[in-house]
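Below is one structure, written out as structure tokens; comments come after it.
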Amino acid sequence: MTYIDTVNWLFSQLPMYQNQGKSAYKVDLSNTILLVNHLNNPEKKFKSVHVAGTNGKGSTSHMLASVLQEAGYKVGLYTSPHLKDFRERIKINGKEISKHAVIAFVKQNKTFFEVNSLSFFEMTVGLAFDYFAKQKVDIAIVEVGLGGRLDSTNVIIPEVSVITNIGLDHTQFLGDTLEAIAKEKGGIIKNGIPIVIGETQKETERVFKAYAEAKKSKLVFADQGSDIKYISDLKGSYQIKNRKTVVHVIDQLKHKGFIILDKHVQEGLLHVVKNTKLKGRWQIIQEKPKVIADIAHNKEGLTYTITQLLEEDFEKLHIVFGVVNDKDLDSIINLMPKKAIYYFCKPNIPRGMAVETLQSYFSQKEYVGKAYDSVNEAYKSALMNANSNDVIYVGGSTFVVAEII
């Protein structure tokens, strides 16, 4: 199989959450354990940091990787979803896994995958761990895909566990209260392994304290520490909290023997995009008109991005907007500015919400905008209508942003 054939097989073989939602969610780790045993337990052959959370886990993971790269370590980075190419999910020192490595892994293990009906996510986690082990990374930053306790990544014993924050997202899998979701994400906390929590929330604080006490794990709330002096090339206002989280994780890694100097933290946070090739976080696509793309897609994430958007200097605001079909629009509608021109669209995945449904909902709430056949049509129309002093915001879903960057 070619690379395209291989990736298409991975995508189509079994349900995948990115495309299909709840039907792709597995209820235990038995398949993942079966897989890592088949692969001779690659997850035990490298050190790691495990990163969960509703928002900010991707940015936090990339920041951590960047700092560790500046300190001279060979750093694996596993994240999801990808924006353009499947290989974005698996990187070492910012370089994507080779097409050949993807093809070879699937070819070698395809029969095992089929016999055991492994999911897309399980196969991808197996590929990442196998690759990191064979490439002998010094440490891997491993981002949780969904939740924590039952996530396929939750077979590692990391140096540090991280939970950025808890919000009401993916409630159909994780529960419909912050406390219930915290219990799922807290499932990554391991015996005696320090845990860094990015944001203190009264609904979840006691959950994490109970986990830490039961597991005899050191518990650090990053936002309860003093302010930090570092700045970053990731410009979203929400990154301030992520930076504090990263600094506390680095402190824990130092206690584990990693040699990371202040200059490494400073340079790592300043060069996240260059070191890791991160995209889609308050990404400035162009100026005049200024185009900003951001993958924020739930209440907590959009609260920060829309606040920052309204602080921009513009004559008119144009918003290219699409969501997935399980999005609770009631939870985000009050965040969206009414004084804007909307360009509604459907991301090109099966899970995309029909553009007519989206436009109808916004129209009933007295928002002004038109429906477009595709993300690109909506984006082109916004570019045509905007003058040089306007701002265009592209967002609502990771998959909308992926189509324009």
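The values are calculated or read from the model by the stated rules, or taken from the named source; none is laboratory data. Since we're looking at a predicted model, the values are computed, not measured. Ideal geometry is used to build each Cβ from the backbone, glycine not excepted, and the neighbour counts take in all protein chains shown. For the accessible areas, the whole protein counts, side chains as well, though only heavy atoms, and no ligand, DNA or RNA atoms are used. Shrake-Rupley method; radii C 1.70, N 1.55, O 1.52, S 1.80 Å.
General observations
- Loop-exposed GluC sites (Glu not before Pro) per DSSP, neighbour cap 16 Cβ within 10 angstrom, longest uninterrupted part of the chain: 1-286
- Lys338/Lys84 FRET efficiency (R0 35 Å; Cβ-Cβ; nearest 0.05): 0.60
- Carbon + sulfur, % of accessible area of the chain - ligands and nucleic acids excluded, 1.4 Å: 50 percent
- Pairs of Cα atoms nearer than 8 Å and 6+ residues apart set the relative contact order; for region 131-274 it is 20 percent.
- Shape call, the chain: gyration tensor on alpha carbons, a/c limit 1.5: prolate
- Averaging the Cα positions of each part gives two centres, and for region 229-247 and region 81-98 these lie 23 Å apart.
- Computed from the alpha carbon atoms alone, the convex hull of region 202-301 holds 147 Å³ per residue.
- Taken over region 1-151, the percentage of Cα pairs per 10 Å bin, counting from 0 up to the bin with the maximum distance, is 11, 43, 38, 8, 0.
- Once both labels are positioned 7 Å from their Cα atoms along Cα-to-Cβ, the gap between Ser363 and Lys254 label points is 5.8 nm.
- Of all DSSP beta bridges in region 64-215, antiparallel share, percent nearest 5: 40 percent
- Listed residue pairs exceeding 20 Å between alpha carbons, taken from Lys95/Lys380; Lys95/Lys256; Lys185/Lys299; Lys185/Lys218; Lys190/Lys216; Lys185/Lys254: Lys95/Lys380; Lys95/Lys256; Lys185/Lys254
- Nitroxide proxy distance, nm - points 7 Å out along Cα→Cβ at Lys277 and Thr111: 3.3 nm
- Scalar couplings 3J(HN,Hα) for region 95-107, obtained by applying the Karplus form with A = 6.51, B = -1.76, C = 1.60 to θ = phi - 60°, are 9, 5, 3, 6, 4, 4, 5, 5, 4, 5, 5, 5, 4 Hz; x denotes Gly and Pro.
- Nonlocal amide H pairs with Lys47, under 5 Å, H built at 1.01 Å: Ala140
- Heavy-atom accessible area per residue - the chain, 1.4 Å, Å²: 42 Å²
- Region 222-227 - phi-based ³J(HN,Hα) in whole Hz, Karplus 6.51/-1.76/1.60, Gly and Pro as x: 4, 7, 8, x, 6, 4
- C-alpha long axis of helix 299-310 to longest principal axis of the chain, angle in °: 50 degrees
- Coupling constants for region 319-336 follow from the phi torsions by the Karplus curve (6.51 cos²θ - 1.76 cosθ + 1.60, θ = phi - 60°), and in residue order they are 10, 8, 9, x, 9, 8, 6, 9, 6, 7, 5, 4, 6, 10, 4, 5, 7, 7 Hz; glycine and proline get x.
- Rounded to two decimals, the Cα radius of gyration of region 118-162 over 2.2 N^0.38 Å is 1.15.
- Normalising the average separation of contacting C-alpha pairs (under 8 angstrom, six or more residues apart) by the number of residues puts the relative contact order of the chain at 17 percent.
- Bridge type composition, the chain - antiparallel percent by DSSP, nearest 5: 20 percent
- Our analysis of region 85-137 gives Rg over Rh at 0.96, with the two radii drawn from alpha carbon positions and Rh computed by the Kirkwood formula.
- Where both bridge residues fall in region 253-405, DSSP classifies roughly 20% of the beta bridges as antiparallel.
- Of the trypsin sites (Lys or Arg not before Pro) in region 145-249, those whose Cβ has at most 11 other Cβ within 10 Å and which sit in DSSP loop: Lys216, Lys229
- Cα extents of region 321-360 along the three principal axes, largest first (Å): 30, 20, 14
- Spatially proximal aspartates and glutamates relative to Lys288 (Cα-Cα < 15 Å; intrachain offsets below 8 disregarded): Glu312, Asp313, Glu315, Asp390
- C-alpha long axis of helix 120-134 to longest principal axis of the chain, angle in °: 50 degrees
- Unsatisfied cross-links (Cα-Cα over 27 Å) in the set Lys47/Lys209; Lys241/Lys316; Lys57/Lys338; Lys274/Lys346; Lys74/Lys99; Lys45/Lys235: Lys241/Lys316; Lys57/Lys338; Lys274/Lys346; Lys45/Lys235
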